[in-house]
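Down below is the structure, laid out as structure tokens.
The values are calculated or read from the model by the stated rules, or taken from the named source; none is laboratory data. From a predicted model like this one, the values you see are computed outputs, not experimental measurements. So basically every Cβ, Gly included, is an ideal-geometry build from the backbone, and we count neighbours across all protein chains shown. Keep in mind that these areas ignore ligands, DNA and RNA; they rest on the heavy atoms of the full protein, side chains included. Shrake-Rupley method; radii C 1.70, N 1.55, O 1.52, S 1.80 Å.
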Amino acid sequence: MNDPDFSRRAFLAGSMAMPALAQQAERAPVDYRKLISAADLIYDQPVARSEEGIPVGNGRMGTLVWTTPTQVRMQINRVDVYANNCATNSFFERHNDYCGGCGYVDVDFGEEVADLRQHLSVYDGVLDMQGQNVAARIYARPSQDVMAMALRSRPVTVTLRMLRSETKYYGGQVENMVRDHVVTVQNRNHTAASRLHVRGQRIALTQEFREGSFYCQSAVGIAIAGREAAARFLNETDVSLTVAGEPGEFTILIASAASFDAKEDVLGEALRQTDAAAGGFEQETRDWWHRFWARGLMQLESADGSAEFVARNYHYYLYIMAASSRGKFPPKFNGMIWDTGGDLRTWGAQHWFANLSCYYEALPASSRLELMDPMFQMYSGMYGNCATAARQQWGSQGIYIPETTYFDGLEKLPDEIGAEMQELYLLRKPWEQRSAAFMQYAMNKHPHSSRWNWIQAASWVNGKYTITERGSGPYGAVSHIYGSTAKVAYLFWRRYEFTLDRDWLRDRAYPMLRGAVEFYRNHPNVKKGEDGKYHIHWANSNESVYGARDTDEDLSAMRGVTGALLRAAEILDTEADMRPVWREFLDNLAPLPVSDNPDALKPDNYTGPRVFVRGLKPAVKPSGGLLPDGNSLPMWFFDLCNLESRDRATLAVAGATFHAAFRNGIGPETPCSVLSKQAIAAASLGLADAVRYLIPNQMRVLTPERSTAYKNGGVLANRMTLREGPQALDAQRLGRASEALHLALLQSNPPAPGEEPILHLFPAWPKEWNARFTLLARGAFQVSASLQKGRIEFVEIASHAGAECRIRNPFGGAVSLARDGARAETLRGDVLRFPTRKGETVMLSPL
């Protein structure tokens, strides 16, 4: 509590605290270059596979850079290039839909380059390459969509190649296509037309994707700065620039652009960017990255090197996100903007929220919230389609965001198809009575979509496309997952918690929260039972349990999102008439499912502790194990079980659930899978002895998870994996582990969803590991602290919004509080509370 005592004793105590304040003011400056450079990639020889190339990007466009004996190769990719949208009838085979790719670029030196060494400076955002008679630096301009390859070399040839080619009869169009250097690939109703261009000493490749009313186009333009170059068409699919003259210095400029508007001149835009970049932008790039790194701090140290390993991978994760997540859409989890195999991308072009969340849930605490904007923009952009889907597919209100969806959500269905789908999916009409019209409509739909996921697979039999169903009626792994809607909405709320931005809350977060709550509250299968509680029926628990009652996912989601909505409505002083309705709904939700419930989905012979389970009987498909899915753990995500939880009974069950997942204990060889949230759960529960192993082991991937992929899906030379399959590069595990790292160092959890956060320093950090950090906390507090040899050295809190701060006493006894360097007051108690002013810096030190 606050101590207003200004007695002689307090004055003396304040005087004694001054050396501590002086020590904080003189703390060692951070050598960011040394710190961040530990995450650099250094290759002494070419990698065996293109997927192990080095990533370079500006957040909107990017490429892996890889080499052959005579060439440097790239595939230019963008986050806003899609071959189709949700209305497609042409892509209905698994893994065949595609996105991102714009063109191949090959830089040919004409002869083998010996002793080529590659060094990615993560701190500078620059890839340096040194070989016999060749030196190059590759970097991407943060402010515009152009990349540079600055060379000191013999003359080279730069070839721009199409990603796809097909020889097909197009009637009277064939000659015009040949004349205009156009290659069109048709897939049923869809066409992808690629065209080569020569504009003086510049070359370009454009793409146009069309199906019905859908249109997307892209362009890649290439120019040479500092030398003359000759452009020519090499063949039907390739165009080149040959640099003239003697060996020397010159720069290859590679620009790109994309649009969903056919009226936009993307070719002109790409070429204008090459012209604008001719004066150079290497220093601009380095400066941008230096500012990016200075916005946070993560210094870790341990005797066995594990902490340093974690820090390297953490900084690399942030590099990957900054290089790929600054555009109109989030990078796809499966390949991001690092594809090297053309259009091949295992799992195709749809977004799975469970996978996408790996990248984004860690970002708020990193103090780099702008990297979340593409994800927010995508889900806000599909709001209208999701509202239509809630009504058509489920007979509900609000919004329905499916677990798997294209970038624009779900298509509007014909009325008769939508009406029948609703009856079938709500189990009001037997699956065996589905109509021929419904099945015919489904024939051209993609089985990865949540809406059509009851389709297991399909094949061509005697020229006829034949569907194989999963055998559970309208159910598939993601067909009846409702919780993704609430999880997306809760991330919108979480951004508000970290910024206290009322405009964001009013304009962006509130519609999502309200849409999620109203979807659940009006869902025909959410009903109040005889016990007076609201129960949900026939819902999936993530991907493993089909059609169960009172699923862990949904009861957690309803609690979290409704609590947040009620608080948001109070803050905005809106919808006073609906608040009692939502409060009654929240207060009367059925309890979370636990193993001692007679209807719990559990093995018949289970006699273990009381733990959370995935749901209750009856269930369409009850398999999937006893405990909640370790890749989801919704009770933790929705702030229902953490060290600040008021509901201690739920917290006790959470602890038992976590320990039940590790019956043999946790040690140096305990694996933590790529998508797992177990390290996050351990940190949330304050389990430092689990954190010390789970975080580094998740980053290491002790057990590779994709036997059909290169290196079995294990860690590649570029620290990414192919866990999702061929040409589906990912850094998912680094995002998950980074979130756990944040929570081990600093928590700012509320006692319940929608309540005020309480800061807690080093709640799950091994005391013999040293750490110094600067992270963002809920309440819009930037927190800096240091733990050395088990002792907290300093605590500094910068208030970005002027909120009241609540923090667990980091020192145990009396605490001196200084405001902007001047001692202000003394605080005591387990939880310290004090007001702040916007822009103020508060320092805490022990008395």
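Kindly provide the set of residues from region 367-410 that are more than 23 Å from Gly348 (Cβ to Cβ) and among the acidic types (Asp, Glu), ordered by number. Hits for region 367-410 are Glu370, Asp373. Residue check: Arg506 meets all listed conditions (1) without any contact (Cβ under 8 Å) to a residue 24 or more places away in the chain; (2) open to solvent by 10 Å² or more (accessible area, probe 1.4 Å) but one, namely (1).
Among the residues of region 754-775 satisfying the criterion of being touching a Ser or Thr at 6+ places or on another chain (Cβ under 8 Å) and open to solvent by 10 Å² or more (accessible area, probe 1.4 Å), which is nearest to Ala681 (Cα to Cα)? So the residue we want is His760. The residues listed here are Leu627, Leu565, Leu592, Leu555; of these, the one that is of a type in the set (A, V, I, L, M), part of a loop (DSSP other than H, G, I, E, B), crowded, with 21+ Cβ neighbours inside 10 Å and touching a helix residue (DSSP H, G or I) at 6+ places or on another chain (Cβ under 9 Å) is Leu592. Here's a check for you: in region 595-608, which residue that is open to solvent by less than 70 Å² (accessible area, probe 1.4 Å) and part of a loop (DSSP other than H, G, I, E, B) is farthest from Ala548 (Cα to Cα)? The extreme case among them is Gly608.
For every residue, the table says whether it meets (1) under 18 Å from Glu411 (Cβ atoms); (2) small (Gly, Ala, Ser).
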site: Arg434; (1), (2): no, no
site: Ala442; (1), (2): yes, yes
site: His448; (1), (2): yes, no
site: Pro474; (1), (2): yes, no
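Would you confirm whether or not region 356-373 contains a residue that is under 23 Å from Glu403 (Cβ atoms), open to solvent by 10 Å² or more (accessible area, probe 1.4 Å) and assigned to a helix (DSSP H, G or I)? Within region 356-373 (the criterion being under 23 Å from Glu403 (Cβ atoms), open to solvent by 10 Å² or more (accessible area, probe 1.4 Å) and assigned to a helix (DSSP H, G or I)), the answer is yes, since at least one residue qualifies.
Inside region 140-149, residues that are open to solvent by 10 Å² or more (accessible area, probe 1.4 Å) and either touching a strand residue (DSSP E or B) at 6+ places or on another chain (Cβ under 9 Å) or assigned to a strand (DSSP E or B) (or both) make up a count of 3. When the residues of region 826-840 are filtered to those that are touching an Asp or Glu at 6+ places or on another chain (Cβ under 8 Å) and under 15 Å from Arg806 (Cα atoms), the one that is most open to solvent (accessible area, probe 1.4 Å) is Arg833. Restricting region 273-305 to residues that are assigned to a helix (DSSP H, G or I) and free of Cβ contacts under 8 Å to residues at least 12 places away in the same chain, the residue that is most open to solvent (accessible area, probe 1.4 Å) is Arg291. When Val122, Val126 are screened for being within 27 Å of the chain's Cα centre (by Cα), of a type in the set (Val, Ile, Thr), at pLDDT 95 or above and over 30 Å from Glu228 (Cα atoms), only Val122 passes. Looking across Arg567, Arg579, Arg506, Arg502, one residue alone is at pLDDT 95 or above and within 25 Å of Trp636 (Cβ to Cβ). It is Arg567. Being touching a Ser or Thr at 6+ places or on another chain (Cβ under 8 Å), farther than 24 Å from Thr650 by Cα, open to solvent by less than 10 Å² (accessible area, probe 1.4 Å) and polar (S, T, N, Q) is a description that applies to Ser738. If I filter region 451-472 for residues that are assigned to a helix (DSSP H, G or I) and touching a Pro at 6+ places or on another chain (Cβ under 6 Å), do I get at least one hit? No, the conditions are met nowhere in region 451-472.
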